[in-house]
Amino acid sequence: MAAPETQRIVIDNCAIATVDADDTEHACGHLVIAGGRIESVGAGPAPAGLGDVVRRIDARGHLATPGLVNTHHHFYQWLTRGLATDHHLFDWLVALYPLWARIDERMCYRAAQGSLAVLAKGGVTTTMDHHYVYPRGCGDLSGAIVRAARETGLRFTLARGSMDRSEKDGGLPPDFAVESLDGALAATEETITAHHDASFDAMIQVAVAPCSPFSVSTGLLRESAELARRLGVRLHTHGSETAEEEKYCQQLFGMRPTDYFASTGWLGDDVWMAHCVHMSDADIAAFARTGTGVAHCPSSNARLAAGIARVPDLLKAGVPVGLGVDGTASNESGELHTELRNALLVNRLGAHRAKALNARQVLRMATYDGARVLGRAGQIGSLEPGKLADVVLWRMDTLAHACIADPVTALVFGAAAPVTASFVGGRQIVEDGRLLTVDEDAVARATREEARRLARITAEG
Ligand SMILES: [Zn+2]
């Protein structure tokens, strides 16, 4: 619930990276939050004579940025971290599907809590969850995930996924882990009806998100695109992740992944895809022409030896690129700072220096461009008057960061900075590194129990 419009929170004396269109920064500035939105931001102290100030924060030694936005994740994988650690994508999937196919409502709820808590503690204020495993009789998984997001207090997009191409149809998942085409579509529409909020300050949105070309039929891909457009929601899937996927698409469909997506209605400014590692110049041009977005997940791509996405080329072409942690079965840390740092460093490997990303480009990917990818750039992703007050205060005056040349460089190149305060729509959810909304020690215990239960159920067959 937003605070009454007249009540103000004033933040003074901090460095500010607004990530607005001009990349405006203030070495020492102020932010005023009123009614859950940013009322003013600028250099020097807050304007005098503001009425109804309920809280004043002296933020000297801090950097204020927009809250980070995570554009790709699979919360349920919280329960299967640290397994199949030496596998590539396809054999990693085949190793883990038997576990994933046994998840239930309680497991999903706890896994979502764990995922959300770690994201929030690391300065993420908006995240998505791409959930595509709905075993028969598993209960209301979407409802459980949304409940966890509401309780943690993050802004959230549930990408309601699906799989209908199992082993018997040449896909990768086992037969018992998939839904029927009609069943998946009906359940996705139900989820949108139950949870999607199109309003400016929405906390919960839903996207349509069949899993990947190698686990979804052509019919489900095509009909998912039609469903999303009929209901006015966004589309998400995995694309061009590995060389094996490219070979698979050539063999099965006679074309490259991007051409296959184009043929099924899957390029457009209402679509974003995870990974996009194996992209030709023509693929990048097609994404740029259509406004299709990308969720760049450098740690997961490294963990599964998928390759290095051509992020500088994507950005140069004008493709919106956000950052994603991906599921924690392929990125055990589950927090987003590592992705900022890895996006910066990994893209310098194997690329000409002139193509390197810089710290400010990476901060933009982690905030404004992430918001664009989720279709929310009008509301979040930069610190500008009128936008929702999703704001993070990073502590920059400790041993870890105090001597790094400037605070944005310190944030991206340095160690993960402590989060002193994180606000979502003006509501504080983190204080001095601790979550205010849920008991993280209880979440740690509960997730451990559910991970053990999943392992036990799977072992019993
Ligand atoms: Zn993924």
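Results, tabulated for the structure shown:
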| read-out | value |
| --- | --- |
| Members of segment 1-51 found to be open to solvent by 60 Å² or more (accessible area, probe 1.4 Å) and hydroxyl-bearing (Ser, Thr, Tyr), listed by number | THR6 |
| Residues of segment 375-408 satisfying the condition of being touching a helix residue (DSSP H, G or I) at 6+ places or on another chain (Cβ under 7 Å) and touching a residue at least 24 places away in the same chain (Cβ under 8 Å) | ILE380, GLY381, SER382, TRP394, MET396, VAL408 |
| Condition check for VAL54: open to solvent by 30 Å² or more (accessible area, probe 1.4 Å), within 16 Å of the ligand (Cβ to nearest atom) and not in a loop (DSSP other than H, G, I, E, B) | no |
| When residues of segment 233-264 are limited to those that are among the small types (Gly, Ala, Ser) and open to solvent by 30 Å² or more (accessible area, probe 1.4 Å), the one nearest to the ligand (Cβ to nearest atom) | ALA243 |
| Single condition GLY370 does not satisfy, out of (1) within 16 Å of the chain's Cα centre (by Cα); (2) more than 21 Å from ALA117 (Cβ to Cβ); (3) part of a helix (DSSP H, G or I) | (2) |
| Flag if ALA405 is out of contact with any strand residue (DSSP E or B) (no Cβ under 8 Å at 6 or more places or on another chain), of a type in the set (Gly, Ala, Ser) and part of a helix (DSSP H, G or I) | no |
| Filter result for the condition that a residue is of a type in the set (A, V, I, L, M, F, W, C) and surrounded by 24 or more Cβ atoms within 10 Å (Cβ to Cβ), over ALA120, ALA202, ALA198, ALA186 | ALA120 |
| Which numbered condition ALA306 fails, given (1) touching a residue at least 60 places away in the same chain (Cβ under 8 Å); (2) away from the ligand (no atom under 16 Å from the Cβ) | (2) |
| Restricting segment 269-323 to residues that are on the phi > 0 side of the Ramachandran plot and among the hydrophobic types (A, V, I, L, M, F, W, C), the residue that is most open to solvent (accessible area, probe 1.4 Å) | ALA305 |
| Criterion: farther than 25 Å from THR420 by Cα, more than 16 Å from the ligand (Cβ to nearest atom) and under 20 Å from the mean Cα position of the chain (by Cα) - qualifying residue of ARG81, ARG165, ARG136, ARG147 | ARG147 |
| Single condition TYR76 does not satisfy, out of (1) of a type in the set (Ser, Thr, Tyr); (2) crowded, with 19+ Cβ neighbours inside 10 Å; (3) away from the ligand (no atom under 13 Å from the Cβ) | (3) |
| Residue among ARG372, ARG364 that alone is touching a strand residue (DSSP E or B) at 6+ places or on another chain (Cβ under 8 Å) and open to solvent by 10 Å² or more (accessible area, probe 1.4 Å) | ARG372 |
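The values are calculated or read from the model by the stated rules, or taken from the named source; none is laboratory data. The model shown is predicted, which means the values in this text are computed figures rather than measured ones. Note: ideal-geometry Cβ built from the backbone for every residue, glycine included; neighbour counts use all protein chains shown. Keep in mind that these areas ignore ligands, DNA and RNA; they rest on the heavy atoms of the full protein, side chains included. Shrake-Rupley method; radii C 1.70, N 1.55, O 1.52, S 1.80 Å.
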